[in-house]
Amino acid sequence: MKARPWSVVAGLAVAFALGACGTPDDGGSPAARAVQAGSADSRWSPAPTTSWQWQLSGDLDLDVDADVFDVDYERTTRAEAEALKDDGRRLICYLSAGSLEDFRADAGAFPPAVLGDVMSGWPDERWLDIRRMDVLLPIMAARMDTCVAKGFDAVEPDNVDGYLNATGFPLTAADQLAYNRAAAELAHARGLSVALKNDVDQIPDLVDDFDFAINEECVRYAECGLYEPFTDAGKAVLHVEYQGSLSFCAEAERRGFSSMLKPLDLGASRRPC
């Protein structure tokens with residue numbers, strides 16, 4: 001979520017879902033389907049402790065002093081992306097993989113049957129039935145094609161812990177593992193690295209499928225220790241807190257996180273550790 005409200009089976013599920021809808025490339029443009037998946041060594045991913053900016057609202061500030069920008073896949077223009085890349089920045093493409101935001105251009109592509117309950121704290125979003133990968137993966141593939149076309153290096157699929165929330169669907173942990181792995185495969189097939197966003201309980205199962213992690217408020221919720229599988233693997237953890245002062249930085253730095261304090265609206269303002 002853009003800010004967290006209060007908040008052997010998985011493999012078979014992936015195989016079944018991908019068999020039903022073809023390969024994860026189905027639904028992408030011909031150009032994107034022609035992209036060969038790069039190896040983990042050839043894909044860019046953020047280095048531990050690299051500086052980052054996360055902006056999803058307001059006019060994009062291109063002058064923020066950060067090596068990596070995590071910005072919206074739809075609102076960020078190709079010109080803005082090119083300007084950041086020309087300045088040596090790397091780009092992470094934000095999109096919601098587990099919810100429908102009713103303001104998106106492709107909102108009409110989601111049939112009513114996959115739309116669940118309104119997300120707590122976000123009245124313009126509804127949870128998705130992630131079991132329907134035959135419907136959802138082609139839509140997510142098309143979104144990731146947009147990321148590729150604009151020059152992004154990585155993708156941040158958001159809202160990938162629906163099984164822990166009141167979605168309106170009887171989602172299980174196995175459903176979530178299957179969907180998250182399928183989303184990661186979509187990204188890798190396009191040469192994009194991919195972040196595991198929150199979903200802290202499934203980190204041990206998913207660390208090998210994802211290239212880095214993005215976390216909201218692990219200090220506040222006493223969850224930062226759960227990211228040791230990522231840091232032990234030499235993978236970056238990009239971390240944000242929304243409340244208080246920079247007093248959390250001591251723990252974040254000890255754990256090797258890339259951390260900052262942000263306003264809840266995720267505008268341009270930031271206070272890095």
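One table, with the values for the structure above:
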{"quantity": "L128 vs. criteria of a type in the set (A, V, I, L, M, F, W, C) and touching a helix residue (DSSP H, G or I) at 6+ places or on another chain (Cβ under 7 Å)", "calculated": "yes"}
{"quantity": "Unique residue being under 24 Å from V71 (Cβ atoms) and out of contact with any helix residue (DSSP H, G or I) (no Cβ under 8 Å at 6 or more places or on another chain) when the list is A187, A195, A213, A183", "calculated": "A195"}
{"quantity": "Subset of the range 200-217 that is touching a strand residue (DSSP E or B) at 6+ places or on another chain (Cβ under 9 Å) and more than 21 Å from A141 (Cα to Cα) - its residue that is surrounded by the most Cβ atoms within 10 Å (Cβ to Cβ)", "calculated": "N215"}
{"quantity": "Elements of type strands (runs of 3 or more DSSP E) contained in the range 115-212, each with 1 or more residues being closer than 27 Å to T231 by Cβ, acidic (D, E) and under 15 Å from the mean Cα position of the chain (by Cα)", "calculated": "154-158"}
{"quantity": "Yes/no for L100 being of a type in the set (A, V, I, L, M, F, W, C), closer than 18 Å to D175 by Cβ and crowded, with 20+ Cβ neighbours inside 10 Å", "calculated": "yes"}
{"quantity": "Qualifying residue in the range 232-246 (condition: part of a helix (DSSP H, G or I), among the aliphatic types (A, V, I, L, M) and out of contact with any helix residue (DSSP H, G or I) (no Cβ under 8 Å at 6 or more places or on another chain))", "calculated": "yes"}
{"quantity": "Residue identified as at pLDDT 95 or above, within 22 Å of A178 (Cβ to Cβ) and surrounded by 20 or more Cβ atoms within 10 Å (Cβ to Cβ) among L91, L164, L137, L84", "calculated": "L137"}
{"quantity": "Where F110 falls short, out of the listed (1) farther than 28 Å from R43 by Cα; (2) of a type outside the set (G, A, S); (3) open to solvent by 20 Å² or more (accessible area, probe 1.4 Å)", "calculated": "(3)"}
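The values are calculated or read from the model by the stated rules, or taken from the named source; none is laboratory data. Bear in mind the structure is a predicted one, so any value in this text is a computation, not a measurement. Don't worry about glycine lacking a Cβ; one is built from the backbone with ideal geometry, like all the others, and counts go over all protein chains shown. Each accessible area value is taken on the protein alone, full model and side chains, heavy atoms only, with ligands, DNA and RNA left out. Shrake-Rupley method; radii C 1.70, N 1.55, O 1.52, S 1.80 Å.
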